[in-house]
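Here the structure is laid out as structure tokens; the discussion comes afterwards.
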Amino acid sequence: MNTIENFKKISLILFVITGTLHFTSSIMIANDIWTSTNIIISRSLDIPFILTGIIYGFSSLRLKLTDPNKPHKILDSTYIALTVIILLALIYINIFIPNITPAL
């Protein structure tokens with residue numbers, strides 16, 4: 001199951017990168033440094049940050065709970081379905097729930 005291990009490694013790297021950028025831009029917004037640019041960065045990185053964390057978590061669960069030599073199609077399908085549902089929910093929240101931060 002090299003594929004699942006590779007997903008785990010890549011999602012961890014992307015989680016750290018997007019998390020660092022997201023938190024750095026949030027700190028810069030709080031300190032009024034390049035506010036307009038950092039608001040755009042902060043608002044556009046929240047979904048990738050959450051999704052990479054979910055993919056890392058699900059791939060870690062998959063590796064810990066199952067035998068890597070056997071196929072687990074139902075478990076994989078469940079994880080994919082949950083990820084898609086969470087992605088759609090995040091997109092819905094970002095589009096239809098207004099942000100509290102003031103407009104530029």
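Structure notes:
- Residue in region 55-68 that is of a type in the set (Ser, Thr, Tyr) and under 20 Å from Leu21 (Cα atoms) present: yes
- Residue list for region 64-93, filter: in contact with an Asp or Glu (Cβ under 9 Å, 6 or more places away or on another chain) and closer than 18 Å to Phe15 by Cα: Leu90
- Checklist (1) at pLDDT 90 or above; (2) assigned to a loop (DSSP other than H, G, I, E, B) applied to Leu61, failing item: (2)
- Residue in region 42-53 that is without any contact (Cβ under 8 Å) to a residue 24 or more places away in the chain, assigned to a helix (DSSP H, G or I) and of a type outside the set (D, E, K, R) present: yes
- Residue satisfying all of: in region 5-31; crowded, with 17+ Cβ neighbours inside 10 Å and of a type in the set (Val, Ile, Thr); nearest to Lys70 (Cα to Cα) among these: Thr18
- Scanning region 1-58 for residues that are under 21 Å from Pro98 (Cβ atoms) and of a type in the set (Gly, Ala, Ser) yields Ser25, Ser26, Ala30, Ser36, Ser42, Ser44.
- Applying the condition of being within 18 Å of the chain's Cα centre (by Cα) and polar (S, T, N, Q) to region 48-104 and asking which residue is farthest from Thr35 (Cα to Cα) yields Thr78.
- Scanning region 1-37 for residues that are over 14 Å from Ser59 (Cα atoms) and assigned to a loop (DSSP other than H, G, I, E, B) returns Asn31, Asp32, Ile33, Trp34.
The values are calculated or read from the model by the stated rules, or taken from the named source; none is laboratory data. If you're wondering where the values come from, they're calculated on a predicted model, not measured in any experiment. Positions of Cβ are backbone-derived with ideal geometry, glycine not excepted, and every protein chain shown enters the neighbour counts.
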